[in-house]
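Just so you know, all these numbers are worked out from the coordinates, no wet-lab data involved. Computed from a prediction, not measured in an experiment: that's the story for all the values here. Every residue, glycine as well, gets a Cβ built from its backbone with ideal geometry; the counts of neighbours run over all protein chains shown.
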Amino acid sequence: VTPAEVSRIEARVRGAYAEATATIAADDIAAHAPARKGSAADRFGRKRIARRVVPIVAALAVLLVVAAALVLPHVLAGPAKRHPAVHPSGAPVYMITNVAPEVLSVVDTRTGQVTARIRPPNSPFGFWLSVAAEGPLTFIAGDLGGRGGGSSQPEISLLYRIQLTSRGTVSSMRLTSRISGRLLGTTIAPGGTYLGYLLVGNRASIGWNWAKSPRLVIKNLVTGTVVADWPVAKKDVIGSLSLSHGGREFAATSYFYQAVGGQSVEDLSQRTVVLSPRTSDRGIDSLPALSQQAGPAVLSPNGDALYQIVATGRLTATSWHADYRQWFALEEIDTHTGAVMATLHRWSGLWRQFSPVLALDPTGRYLLIANGTSVAMVDLRTDRYTALPALPRRATGYFTRLLLPQGQAWIMWMAW
Amino acid sequence: MTVGAADASHPRRGGTAAAHESAGAPADAASAHRQVDPLLPDEGDRLVADLYSDYGLRLVRAALLLVGDKPTAEDVVQEAFIGLYRALNRLTSPDKALAYLRVSVVNGCRSVHRARRLYLQRPAAVDQPVWSAESAAIAKEDARLTLQAIARLPRRSREVLALRYYLDLSDAEIAKALGISRGTVSSTASRALTALARELKEEDEL
């Protein structure tokens, strides 16, 4: 290291210290020194007896702690916890999800443990909207950054690039771009371009109610160029959106209840459509449906296959809250013909707990499935299904989803 | 400096701000305990109040660089001042009170790190350190990267850098505050700067 480099580093250290310490102003700390404690006798010489007793008590306490440390582990230890086998070679280790809306949780899928929690650094709302994996340790995440000033201004989303360490902690997080609209999903094109889809509406509220029919827009998140857009009927609720890696195919699921204010399952109208830029500007409710279900769906990187969780058999539940047992299936569907090419997994569960989420790894080989706190993985090359350790339950139901029992995780999306 | 005026009239004090800057350690105070009368309670209260007024903020900021978050840094400095009350009757000279505080703050920060080793093993939410990517306190990315690189250095290197480049202490004063030799201070600082240069160069190249 040359003297010039040392001088440069010294200046950089001083600058960093100045920046860090400037976060504490004189007004931030107590105005006066802490008050004196204890009696005059304590302050100016302890009593003789205390001088003798304190060291003896301290020594006994140390002995007690040492003895407890040696004995208690043997007394309290139950059977050793065993984690399932680590992933097959090549499967990503870390997933990022929004177990709570204000926090991204980084989860080690080998253990189910949260290794980092990430809050939006600059957002007045503190509300993450989307995440996508660029690589095993690199993610991009969208945050609702507020409005350009005043409630009548369009919403602004902020896109961050997050780098993890090999231990799952955050190495760096950098603001990549600001995008007009509510960034509901992102993907990374093969050339490295960030693409995203947004719901853009006039005078939209921060909640999910739109004053006017919004538009679904695919944008290049770096240049702001619009790739394609479609109007969405105001009655429709978008359930799931997925963009192929090339940005040429786009899957959307939507649903609505035919009766105003209804929640009856028999009253539920669902559909899944696969869109492409050539259908741009047509209402998504006017395009032919690939299926009549609106379960979560993800597109394969080349857009030829759609992985979707569907309910099998006729739904007879009276409400989406119903304690009604139903069979579900994870299916691989040909996006050109709508034919089911394979059923990758089947399971039965309660209808009111049906809230699964899917995520495909950047290579398109491994599919992650989460439902509540349960997590599993499918190797799409071998169709092998592997249950993974469950996510930790939230201690408090800060944002408990209506469909889930109190205290369970609330997941809208994830990436790995 | 308000304490300077009071010092000038006190027979045991140097009477200048510079005299307060001279470092001293509790060990020195203990060795001379029998030679000096303890401060009277009122004198002690005034000394502590003046030291807090003059150096409280700077010590909290220095502690921030070592522990990473403001509430903990403030707690460490508060405890150091409370400890100073107890040590007043053992100080050989009020001039050594500031040096005593520096040692107490460094030791307090070390205790915090020891306690955190256990605490951080649990997933409970804790205040993010000022240098972390999650912290919103640091606006400049360059400063955050530098602080993150410093945070990865060994404990003694971090202490030497903070005392040298934030508190602007001489190597002799740092040596007394950390209880090590001047040579060790110099070599530790040199190694730390070399490591930082290497790491930040790599970061910049990414």
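Of note:
- Modelled spin labels at A:Arg119 and A:Thr382, positioned 7 Å past Cα toward Cβ, are 4.3 nm from each other.
- Pairs over the 32 Å Cα-Cα cut-off, from the set A:Lys219/B:Lys201; B:Lys70/B:Lys201; A:Lys219/B:Lys70: A:Lys219/B:Lys201; A:Lys219/B:Lys70.
- Net charge, A:Thr363 excluded, C-beta distance under 13 Å - Lys, Arg +1, Asp, Glu -1: -1
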